[in-house]
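Structure first, commentary second.
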Amino acid sequence: MFPSWKASLLFGSSVALLSGACIVFWGEIDKVISLTSLVISSVALSFVAASLSAQVRQVKISQDENMRRQHSELLVMSINDPVLRKCWGSASSIANRLEDEQRQMLFSNMIFTWYYSSYVIEDVNDAQLRINLTRFFEGEVGRSYWVFARVSWLQLVSAAGAEKRKRFVAIADSCYNAVLARNGGA
């Protein structure tokens, strides 16, 4: 048998060696846990940022929809009441037109504004917009509307400064000119 002091020494050495290994192991675990925590936190923060970005976009779309709804209500009131048409200021130069033509211009504005909103909020892409605007300008009223409203649209999108909005008018011009070319300038 081992003398008790040798057994104690062997046992003590084993415990010390094992304890040292545990300390090294736990020291490394601490680093691994810190790194894992950092990765998980970064991924979570990315998801929070993406979520906030989506929420901001949704709020902007909601605000735009609300403004378009109010604009539509004003136009409908103007379509139904000739007296209210004069309230649009210099844009009411449609007052020199016949009653039916005035109503057509106001209604065309509602259609055109809908195309614009759909494009700006990315509900339609360039190709879909071109299809819609080409059909719009194939009608005499659509072409008449663009002759009447083009300058105002150019001023509005230039003041807005957003490239997507300017692109909308450029696409409208392109479709209008293509329809004119197909129809021999009429």
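Give me the one-decimal nm value for the distance between modelled label points at Ala162 and Trp114, 7 Å along each residue's Cα-to-Cβ direction.
Distance between the two pseudo-spin positions: 2.0 nm.
Give me the Kirkwood hydrodynamic radius of region 116-186, using the inverse of the mean 1/r over all pairs of distinct Cα atoms, in Å to one decimal.
For region 116-186, the Kirkwood estimate is 12.4 Å.
Would you kindly state how much longer the chain becomes between Val56 and Val141 on full extension, computed as 0.36 nm times their sequence separation minus their alpha carbon distance, in nm to one decimal?
Roughly 26.8 nm would be gained on extension.
If you take the beta carbon distance between Val76 and Asn125 as r and set R0 to 25 Å, what does 1/(1 + (r/R0)^6) give as a FRET efficiency, to the nearest 0.05?
0.30
What's the ranking of 104-112, 62-70, 128-136 by average number of surrounding C-beta atoms within 10 Å, highest first?
Top of the packing list down: 104-112, 128-136, 62-70.
Could you check the simple spin-label distance between Ser37 and Val83, using points 7 Å along Cα→Cβ, in nm with one decimal?
Going from the Ser37 label point to the Val83 one covers 7.3 nm.
Describe numerically, in nm with one decimal, the distance between label points set 7 Å from Cα along Cα→Cβ at Asn66 and at Val151.
Reported label-point gap for Asn66 and Val151 is 3.4 nm.
We did not get these values from a lab; they are worked out from the coordinates using the rules stated. Quantities reported herein were computed from a predicted structural model and do not represent experimental measurements. Note that we place each Cβ from the backbone using ideal geometry, even for glycine, and neighbour counts take in every protein chain shown.
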